[in-house]
Every structure is written in C-alpha cells, then in structure tokens.
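Below is one structure; the comments refer to it alone.
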Amino acid sequence: MDINTLRHSCSHVMAEAVKELWPGVKLGIGPAIEDGFYYDFDKKEPFTDADLANIENKMRQIIAKNEPFIREELTKEEALKLFQGLREDFKVALIKELPEEKVSIYKTAEHFIDLCRGPHVASTGEIKAFKLLSVAGAYWHGIETNPMLQRIYGTCFATEKELKNYLDNLEEAKKRDHRKLGPVLEYFDIYHQEAGPGLVFYHPKGALLRTIIEDYERKEHLKRGYQIVITPHIMQSELWQTSGHYEYYRENMYTFDVEGREFVVKPMNCPGHILIYKSKTRSYRDLPIRLFELGTVYRHEKAGVLHGLLRVRGFTQDDAHVFCLPGQLKDEIQAIIDFVFDTMRVFGFQDVGIELSTRPEKYIGTEEDWHNATRALEEALKDKKLSYDINVGDGAFYGPKIDIKLKDALNRKWQCATIQCDFALPKRFGLAYVDSDGRGKQPIMLHRVLLGSLERFIGALIEHYKGAFPLWLAPTQVTILPIKDSLAEYSRQVKNSLENKAIRVTVDSRNETLDKKIRQAELEKVPYILVVGERELKKGEVAVRKSGEGDRGSMPLDRFIQELEKQITERK
C-alpha cells in the first residue's frame, strides 16, 4: 500500500469528520505531506485540543463503517454547480483555476463529497493507525492577503507499531528542541521584543561553539586549495540587478538609500566573489579559483516562518564559489561532494539524502546552459554511484543544484550542503579567462555551501546531540570540582595544566555540596567532571566522571590529559 495514498485518504476522512461535527465549516485542501497530512478549514472559532479528540473519535466511527471511496468524473461546469450548491467557496475557486475540462470527485457515505484527484484506498476500513497532532494558521494559497484558514496536521501509518515509533520520536524531538535547549545551556537567545525577531545573539558558550566550527572550516578549506576572502555587508543595488537577484529575489532583500543611491544589505555572497574574480585578468592556468567566505547575509523572512535558529533573518554561510574550466567541472563537483561527506562524518552525521533540483519556471540563462549544467551535476553523482531523487523545478533561478540533506539521531532530514552549477552569472557579469590560444573565454561557476547556514547547522547539532556535544566540540570540555576551599590551589594547578594543552576548562568553587556541583555540570552537558580531594592532591591525581558513564575512578593527571588529547585529535 502506498503510504501517501493512505495518508491522503486519512485527510479525506478527517474532512468528513469535521463536516459531520460542524456542517457550516468550509473545506480548503488536504494533501499528504512528509510524515503525515493536513487539511485546511474555514471555521470562525479556533479548533481546541478537545475538538481534535472529538474529530479523532468521529474518524474512528467512519473507519469502522468501512465506507468505500467512490470516484466520479464531472465536467467543469457540473463540478462548479455542485460545489456552489454546497457553498464550498474554496473548492469553487480551485475548480475555476483548473485547466482541465473534466474534474474528479470522491464520495464517502451518501452525504460527503470532496473535490480530489485521488487516488484513495478502496475503503475507509483500510486506515488502521492515525493521530491528529496540531493546529496552525494558514493563508489560502499561502498569500497573506487571502483568508486565514485553520490547518489541522495529522499523521497516518500502515500499522500501530509504526505510529507508536513515530509518536515516540516526536516526544524525543520535543526534548531535543534547540529553541529550549539553546537558551537553557546559554548558547544563544533571540530577543524578539527588544531587537526584533529572527536575529540571533550568541552568548559566550554559543559563540565559542561557533568559533570552534569556523576554525575547523577555515583550516579544512585552506588544506583543499580554497582562498579566504571577505566582502562588504552592503553593496549598490546595480550589482544585484546585474546578478538577477533584484528581479527574482527582491521581496527578500533589505534596501536603503545612501546619498541618493539605493544600497542592498547582501542576501547572498556570490556578487562579491564575482567582483574579486574580475579584479584582474585571469589565465586558464589560474583555474580553478576557489574563493571561500564565512559571509553573514540578511534576508527579509516573514515573521510567521521564523523558527529558532532554523529560519532567521541574519545568518552566516560557509559560502564558496569555484571558477573553473569546462574540463574541470566534473572533478570540482566530485571534490565538493567528497568535502561534504568528510565534513558530515567529522560532525557525527553518518547518513544523508541527496536531491537533484532542476530548472524552475522563472530562470535566467539559456536552455542549453541549463541542460549542460544539469548534466554535469547528474554525471558527477552517477560516477560516484550515489543514489538521489529528482526535485523537479526547485533549482535556483540561475542554475540547477544538488542538495545534500543530513539525517540526525532521530532520522530527520536537515538541509545543509548545496552545490549549484551556474553558466548564467558568469555571462551576465562578463567573466572571462585567457585560454591557451590567447582568446578570452567564459568560466563556469559553482556556488556551494557545506554546512549551509551556521545558525541552522548549530540548531541541528544541538538537536542531534541533545546538547551533549562530543569532546572536541564542547565549549566546556572539563569542569573541576574541589571538595573544599583548601583545595583551591591544587584546582588551579590542574586547570593550568589542562589549559596549557588547549583544553577548555572551568572550576566550580561555589559554596555548594559536591552532589549539587556534579548535578549542575551534568545539566550543562560537560563531557568530563574532575573531583579533587585530599587523596588526589597527595597523589597528583584527579577523580574522573565521564558524561553518560559516571565515575571512572582516579588516575594521574598526565594520563587523563593524554586520553583527552587523543579523543580531541580523533574528534570522537
């Protein structure tokens, strides 16, 4: 049984249940989505938790009747007349938008009719395991000037066991929510009222975590032949008109006036890198040129879509642009793919999903360029024997792309790495290199990020590890707990020894019980706790507690440091 068909059928049953409970409610749309389904309703009073429970009970009654899904085909005129009679205004609007002269409807029982392409399962009795999850607001067609509807989300699986596993994962996801853990662990905060929504403030621990990630990235990029650049945060709008962003991305850009000229707060880093490429004559011998920047960008996201670190208005990308010869293109794409996989493994992500996104409806460049760019990406994936899905029409306006989505501890997908192949912008900016025959030719440009938005990646890291980072990433790697004040000097000596080896360490000298100090360090997700007492002082040792393992006993300080250095070097 196709899971999407099952879920769409379940959304149909939910709509039938809502109409039985509230006959005056008007129906929107009810598609299957990843991990579930939703249906939009026009209802004056908001749905409550009690309403969801009542809807579920009514759905079970419908399922128990084992009502068949009956498909009928009508002319567009007949369908309009039918749904106008039912006063289903949104269905009428959908029918008017359809190009087809015939439309299909589905019936369950004698009284419920829904406009739907289908398909559905044979009867409602095939729906075995479902759960309604939440209610949210949703504008009709996603347009803010349209009516606001109520969207009920649910999920459906073939078996109760699969449903239980999914619901258990949802509960675990709530415990891992970076929006709660981040502020509690003092990594970041978003001061909506004071500074505005979607703007991240990194506290010392969070800033240190981000610095560790950035330092790793700089080192790895230099090892792989990238050159680090820095570009301005604001540039004149003419630059963005040339790139096409002004036409295709204007609603997401912040603009302002400076002495009668319009400037843009950069939403992308690519035009700045293009100007650096154009700064002097380039030879074919110089290529490939790989420019890398940890570039902070700003995008005008709607308040309703902002979500912790995952969707913000200001964020930093590990952005690079590769300018190469046609004969170098496949090797550069494959090198980037290898770089992505190596990086994901270092951060503890072993599994990924890959999508190849093709030309959207609105695009720049020629069809031939798009064909060549798409073929280059596809051949690189095939040569590396990587499986991937085709995401039709979801490419950037200037080129097709490979999206590599990491999977976390709960098997959820996170969009991070992207590789975009671009023939269009080099042409629009007049980029060139001098070929071996002395003639000027156009390079090909690859846009790419590995982690993507550092904000989004840090959010994913927090949820993947539940805030308990591996040793090499942890902002505080060791906390020292002296049993009494007289051990303060020995604690300082231990701290100095650790810091001399670049190990990040704190001392908790508060006037609290040892149990409270241990509990606090555990709540802060510190990987190692060192307890020092009189015995440790006499022997030059430390009593070690490891996160997740508990007490490991006493050991010489030198041996403990060697163990930590090994773990940090191996990034375990």
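Each value in this text was obtained by applying a stated rule to the coordinates, not by laboratory testing. Every value quoted in this text rests on a predicted model; they were computed, and no experiment measured them. Quick reminder, even Gly has a Cβ in these numbers, built from the backbone with ideal geometry, and neighbours come from all protein chains shown.
Tabulated results
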item	result
Angle in degrees between helix 49-64 and the longest Cα principal axis of the chain, rounded to the nearest 10	60 degrees
Which of K401, K102 has the fewest Cβ neighbours within 10 Å, and the rest in rising order	K102, K401
Reciprocal mean inverse distance between Cα atoms of segment 166-320 - Kirkwood radius, Å	18.1 Å
Distant alpha-carbon pairs in segment 478-570 (separation over 21 angstrom), percent	22 percent
Relative exposure of E536, E144, judged by other C-beta atoms within 10 Å (fewest first)	E144, E536
Stokes-Einstein D for segment 319-448, Kirkwood Rh over Cα pairs, 10 °C, 1.306 mPa s (µm²/s)	103 µm²/s
Neighbour net charge for L167 - beta-carbon separation under 12 angstrom, K R +1, D E -1	-2
11 Å beta-carbon shell around G308, net charge (K/R +1, D/E -1)	0
Reference-scaled alpha-carbon Rg (2.2 N^0.38 Å with N residues) for segment 147-197	1.71
Residue exposure sequence - Y39, Y249 - by fewest surrounding Cβ within 10 Å	Y249, Y39
Debye log10 I(q)/I(0) for the chain, one point scatterer per Cα, at q = 0.08, 0.09, 0.11 Å⁻¹	-0.73, -0.90, -1.17
5 Å binning of all Cα-Cα separations within segment 104-146, expressed as whole percents from 0 upward	5, 14, 14, 16, 23, 19, 7, 3
Proximal lysines relative to K128, as straight alpha-carbon distance under 27 Å, when same-chain residues fewer than 8 apart are discounted	K19, K26, K58, K65, K107, K161, K164, K174, K413
Residues with amide H under 5 Å from that of H300, placed H, sequence gap 5 or more	M253, Y254
Where Rh is the Kirkwood radius over Cα pairs, Rg/Rh for segment 3-170	0.95
If the convex hull is drawn through the Cα atoms of segment 422-521, its volume per residue in Å³	180 Å³
Segment 181-465: translational diffusion in µm²/s, Stokes-Einstein, Kirkwood Rh over Cα pairs, 20 °C, 1.002 mPa s	108 µm²/s
Computed magnitude of the charge dipole of the chain (debye, nearest 20; Cβ of K, R +1, Cβ of D, E -1)	1300 debye
Long-range HN-HN contacts of G295 with modeled amide H, under 5 Å	Q317, D319
Positive minus negative residues near V505 (Lys, Arg vs Asp, Glu; Cβ under 12 Å)	+2
Overall Cα dimensions of segment 74-169, principal axis frame, Å, largest first	46, 36, 23
Proximal aspartates and glutamates to K175, defined as alpha-carbon separation beneath 14 angstrom and excluding residues fewer than eight positions away on the same chain	E463
Free-standing Cys residues across the chain, given no other cysteine C-beta under 4.7 angstrom	C116, C270, C324, C416, C421
